[in-house]
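Here's the structure we're looking at; comments come further down.
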């Protein structure tokens, strides 16, 4: 297939205008010694029809969540995506546009980001939001570095109940930026506050905590905030935006920066990406924020309009002194989030959150009743919970898979201390029937 | 484009209005306060809009009508490679077997995804002449940061802890120095010579045992291929440094020349540029990083391996820099790039670069009588002009760009690279026809004439857009960054 | 371009007005003009000790950020908080809009700076 419209005859005309005899002549600046002397070893071209068949064949080698019932979460969740989200996202004016550097012809993207920023602030209880970052993990890493810059300190404390992959990303960024990371232990599935107090010192820039955390448990953010602030350290909270329809906003509990994963807001699980990282902060940190921010202004006629603003923070102006090297945002994923929140609305989001909460607790109780598990913690949880399985988790999941069920996450992979740890996620998409079937298959496996 | 003002979604909200998208609760409902202690529960609902489905659809449709995409028309934005985004790639990336797959599913249930990642690594390695790729980085700048972290880890592993400097040309993208800083390096700038390439003597003077490496875009941001690339590689390697290739401009050289053969050790590519995945209004992109053999151990983990019967993730990589992102990168973007490579094949890929370079040179030739061409030599996939002739009539490059909006075009990149005054950078890409280029050239000539004869037309432009020029100073002085009710 | 007699000027386009051991510091008309609409001024911290050439403040326009360097060494004694809310004052009247007052630790440093005539010539050469 080719997407090149110029014909051979037209190419000859163009070469004549340029005064070149062949296209090859245009590459004369490339020294002979670095010219590729062979054809690339890449399979030959495919027609659209062949390509589609090939891609369908490849996709067919994967098990997809439309045919299997999913109780797997651990950072990527199978929530309902309203039809309007997918439909509106496929409008070419949105997805084939570049970054809105020409605001006169980018008001669609810009206004949508302004609305996104407003919604994120409202959910998190913060003053200012950026236009989104790569994902939840990198958003946390950026928040850590922002905290170090703001406090002129270099140590970060991460609570062990934060998603293990997020902790790993924070560590990678920290290693190269010269920040040190220490880990606060957990007690009953949430931050061990005593351990936190012991770890805090006068070089602690921030405490990073996730709530609901990797185990689904709700952390006591207010207390953690008090402990951090007594030490003049900042509090960075990562959270599930759907949970914020019923849980207190971190901003109202003392968080200074909120940074989290926004996949749940209208984005499919897509084997891990693309998702979006959201970040919001108290007003004082506005000029320390990484990434794009959209602001309201007026045009020459006084008509309301939107522009990228506070750009002097960014790499294209401040170069090596920029607040971050990020040069894009996950615009289309943030748009999905904006459309999702608009379509769900105040009522819909609350309903989704309540359904998650109720169904997760139903599943929790039913699974415990089987006698195959013991509870791991007593802390309150939202849509995900950790149980300890008495048998072999891999065997259990294999059995479930044979019954078209994708079982929970084997937590021992990241938490050796939880032998048999089984992390189960229940979203609003799971029916009572799904859960009952899950439970009865567990019984027949254990 | 739609000129009528579109209210904010919050201003459209009507209390009590909603679309019932979710079913009722089918399990025994418990009191919420019995499940979560009251102190953790929100007292008032977040301020989200209350709308019907039609309201939502109209609102976002109206917003889309205030946007300009590649499908709307020509988008000659230099350095951004705004080529056409094939529709079939969108369609296949949405197949359930790609989009509804959980990243933690057992490996045996995701063999198609793993094969796709593995093969994309192979193809990108072949295209760039590298030995191994990581598809984890989410964007070009993220790839740069990852590549530089690999560079640092490599030197440190050799016990070479002094190398804390990265050399970056003065013509480089702003992300280069910013990424170097993120990876913990100090940035040293090297100037360009009068041909637009790296000043060799200046480079020699800067090299020392404190230099970790050099970042280079080739062709560079002037759209020019640095003929001294072999010499540059030799100078850097002789001093113990590594060479980093910024793949932003790779659309010029696919199938023609490979960074690996030029002497580069680390490469990042922008799948959202060269490999046709859409920009999405600013993302998601994908910025895979490729390395030469000696650097493979330092790649982010996991990498996908194949044991002749199955594909699997390899996490056991003790020298890895670690993770730079959750899961495995922007997977569905990679799906589109993979589909693009398969649809074009080796021959098709080479033709992409040939047509891209031909189109850029055609525009250069046709416009150089009307706009100042600071480097008058064969260009690669993009050409940099200067608006300095027009400056004499009191109009700037910004005015030229704004006037182009009235002609229905997205303007070129302006005021970049920084080393050209009043710069504007045109990258037509290969997917534009001669007819489109001719129409654009005519518009540019007309604007050059207007600049001379009716400069106010440029100064007042645009007039035919949803909003006119916006007051950016006001936005930055008293930032309004969210909607405040009332 | 306006240059005031009686002030001293640096090659980085800062002006200083000397009053005893106090030096009022701002940016020149030339500097504000080349930056364009100023949208933000980073207010220095009172009490910070600076060496000549250290970054005192940052002045930003929409598309540029420019460091303001301390033309003399000393302690920041006073800052002009008004600029935080009204950065445009620098555009309107650069020589009234001082950013900070430095208590000079070495009075001879000021003598090395340019006078009005020298600065005028310096700017012409910069063009």
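Values quoted throughout were computed directly from the atomic coordinates according to the rules given, and no laboratory measurement underlies them. Quick caveat: nothing in here was measured; it's all calculated off a predicted structure. Backbone-built Cβ (ideal geometry, glycine too); neighbour counts: all protein chains shown.
List of remarks:
- Only alpha carbons enter this Debye calculation for the protein assembly as shown, each as an equal point scatterer, and the log10 of I(q)/I(0) it gives at q = 0.05, 0.06, 0.07, 0.10 Å⁻¹ is -0.31, -0.45, -0.62, -1.31.
- Using a Förster distance of 30 Å, the FRET efficiency for residue C:12-residue B:478 (Cβ separation, nearest 0.05): 0.60
- Estimated inter-spin distance, residue A:226 and residue A:394, nm [label 7 Å along Cα→Cβ]: 4.6 nm
- Note on residue A:431/residue B:307: beta-carbon distance plugged into 1/(1 + (r/R0)^6) with R0 of 56 Å gives a FRET efficiency of 0.90.
- Kirkwood radius for region B:221-348, taken over all pairs of different Cα atoms as the inverse mean of 1/r, rounds to 16.7 Å.
- Region A:345-445: C-alpha pair distances exceeding 17 Å, %: 50 percent
- Cα centroid separation, region A:139-177 to region B:80-145 (Å): 27 Å
- With Cα atoms defining each centre, region A:7-84 and region B:284-323 are spaced 22 Å apart in the structure.
- Anisotropy class of chain B from Cα gyration tensor, a/c 1.5 cut: oblate
- Only alpha carbons enter this Debye calculation for region B:213-296, each as an equal point scatterer, and the log10 of I(q)/I(0) it gives at q = 0.12, 0.17, 0.19, 0.21 Å⁻¹ is -0.36, -0.70, -0.85, -1.00.
- The share of Cα pairs per 10 Å bin across chain A, counted from zero up to the longest distance, runs 4, 18, 25, 23, 16, 8, 4, 1, 0 percent.
- Three-way shape call for region B:351-472 based on the alpha-carbon gyration tensor, with the a/c threshold at 1.5: prolate
- By the helix-only formula, in which each DSSP H run with n ≥ 4 contributes -39500 (n - 2.57) and the sum is divided by residues, chain C has a 222 nm mean residue ellipticity of -5500 deg cm²/dmol.
- Computed [θ] at 222 nm, helices only, for chain B once each DSSP H run of length n ≥ 4 contributes -39500 (n - 2.57): -11000 deg cm²/dmol
- Region A:179-199 versus region C:63-127: alpha-carbon centroid distance in Å: 48 Å
- Rounded if a/c under 1.5, otherwise prolate or oblate - region B:1-64, Cα gyration tensor axes: prolate
- Spacing of the modelled spin labels on residue A:48 and residue A:180, each 7 Å from Cα toward Cβ, amounts to 6.0 nm.
- The alpha carbon convex hull volume per residue for region A:83-338 rounds to 128 Å³.
- Cα radius of gyration and Dmax for region B:109-178 (Å): 15.4, 49
- Mean residue ellipticity (222 nm) of chain A, computed from DSSP H runs ≥ 4 via -39,500 (n - 2.57), nearest 500: -12000 deg cm²/dmol
- Chain lengthening between residue A:29 and residue A:10 when straightened (0.36 nm per residue, less Cα-Cα): 4.5 nm
- Burial ordering of C:98, C:15, B:389, fewest other beta-carbon atoms within 10 Å first: B:389, C:98, C:15
- Coarse-grained scattering of region A:121-241 at q = 0.10, 0.14 Å⁻¹, given as base-10 log I(q)/I(0) from a Debye sum over alpha-carbon atoms: -0.26, -0.52
- If the chain linking residue A:203 and residue A:17 were pulled fully straight, counting 0.36 nm for each residue of separation and taking away their Cα-Cα distance, it would gain 60.4 nm.
- Using R0 = 45 Å, the C-beta based FRET efficiency linking residue B:161 and residue B:14 works out to 0.10.
- Virtual paramagnetic centre 7 Å along Cα→Cβ of residue C:85, amide N under 18 Å, in region C:14-48: C:39-44
- Fewest-first sequence of C:14, A:384, B:205 by Cβ atoms within 10 Å of each Cβ: B:205, C:14, A:384
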